[in-house]
1. Restricting to segment 85-109, give me the number of residues that are within 20 Å of residue 156 (Cβ to Cβ), without any contact (Cβ under 8 Å) to a residue 40 or more places away in the chain and of a type in the set (S, T, N, Q).
2. Of everything in segment 40-81 that's surrounded by fewer than 20 Cβ atoms within 10 Å (Cβ to Cβ) and touching a strand residue (DSSP E or B) at 6+ places or on another chain (Cβ under 7 Å), which residue is farthest from residue 20 (Cα to Cα)?
3. For segment 232-279, which residues satisfy the criterion of being closer than 11 Å to residue 217 by Cβ and small (Gly, Ala, Ser)?
4. Which ones in segment 237-283 are out of contact with any strand residue (DSSP E or B) (no Cβ under 7 Å at 6 or more places or on another chain) and within 18 Å of residue 200 (Cβ to Cβ)?
5. Among what's in segment 228-273 and is polar (S, T, N, Q) and not in a loop (DSSP other than H, G, I, E, B), pick the residue that is farthest from residue 210 (Cα to Cα).
6. Hey, which of the helices (runs of 4 or more DSSP H) in segment 96-199, taking only ones fully inside, have at least 2 residues that are open to solvent by 20 Å² or more (accessible area, probe 1.4 Å), hydroxyl-bearing (Ser, Thr, Tyr) and farther than 24 Å from residue 246 by Cα?
7. List every residue pair whose Cβ atoms lie under 9 Å apart, where the two residues are 6 or more positions apart in sequence or sit on different chains, the first residue falls within segment 192-211 and is among the polar types (S, T, N, Q), and the second residue, located anywhere, is modelled with pLDDT of 95 or more and assigned to a helix (DSSP H, G or I).
Amino acid sequence: MSNNKPFVVALEEHYWDPELVAMFPGREGKRISDVERRLLDMGELRLREMDEAGVDMQVLSHGAPGTQKMSAEAAVRMAAQTNDRLHAFIQSNPKRFAGFALLPTPDPAAAANELERAIGRLGFKGAMIHGLTNGKFLDEPEFWPIFERAEALDVPLYMHPSFPDVAVASAYYKHYATAYPEIMGPALGFTVEAATQAVRLVLSGMFEKYPKLKIILGHLGEGIPFLLWRMNQSFSRPGNQGVSFAETFRKHFYLTTSGNFSDTALACSVAEVGVDRILFSVDWPFISNELGTCVYRKVDSA
């Protein structure tokens, strides 16, 4: 085993801002009490669990649904306030914390401007967007100014899932949601929504218009690496407009390990997109730091 410990940066590590969480609808403002305690902790507990597992830095991002399900006015106000408070916290310990910005996507022009402010004035590393924006996927043209600005600033946008649209939840998950509530979340619902968001971005032509745009997907690509060959082959069949789906995905998307520490899923992802496209994340506090960092320790001891 190497004696040189790597500097471990975890990219999808969540927190809650109490003022913003108070505005979350329904279940999205409720978690199991122990998870809530960790989401709200910005001090001793967070740092202790980082130290115990060997995580040197967390890139902090607010938990879902962020400001994506608010009115435009509320989203603009709350995104700026929440980003400012996160910036103040990071400044208290900049060697251990960095940040992804919240964006008020219900107002796309304001979201583009907030991204620029968060990068230029607050020193954030990019932004995280949670699921649909008031029922709309982000490939719709009204949202393209956000992606244009991200390309110009040369920063990534992290596409994170949120709970599905009400109509989708009712049609797909209602029958089992009471007994198995996670079916609408990380067990299936999150993956279906985030993967659909990513596929639509590729098909929209966005990456032809913004050829340097970088997108991050968590959870080892939301199942897309396993499906990549089939998707690419299917989109090449007669009747489909021409698209090099796999090539576009490999060029513009980065994947993180957040919340998906399957050795076989990791091997598949590396085989499909290349090891240089895989980034380390834990998905704390939904996944423990210890469970996440055991991955690099296994690699280091091999």
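The values are calculated or read from the model by the stated rules, or taken from the named source; none is laboratory data. The structure displayed is predicted, hence computed values, not measured ones. Counting neighbours? That spans all protein chains shown, and the Cβs are built from the backbone with ideal geometry, glycine included. Heads up: the accessible areas ignore ligands, DNA and RNA and are worked out on the full protein's heavy atoms, side chains in. Shrake-Rupley method; radii C 1.70, N 1.55, O 1.52, S 1.80 Å.
1. 0
2. Among residues in segment 40-81 that are surrounded by fewer than 20 Cβ atoms within 10 Å (Cβ to Cβ) and touching a strand residue (DSSP E or B) at 6+ places or on another chain (Cβ under 7 Å), the one farthest from residue 20 (Cα to Cα) is 56.
3. 258, 269
4. 240, 241, 242, 243, 244, 245, 246, 247, 248, 249, 250, 251
5. 264
6. Hits in segment 96-199: 166-172.
7. 204/141; 204/144
Condition check ((1) surrounded by 16 or more Cβ atoms within 10 Å (Cβ to Cβ); (2) farther than 24 Å from residue 157 by Cβ; (3) among the aromatic types (Phe, Trp, Tyr); (4) within 19 Å of the chain's Cα centre (by Cα)) across all residues:
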| position | (1), (2), (3), (4) |
| --- | --- |
| 205 | no, no, no, no |
| 209 | no, no, no, no |
| 215 | yes, no, no, yes |
| 245 | yes, no, yes, no |
| 253 | yes, no, yes, yes |
| 259 | yes, no, no, yes |
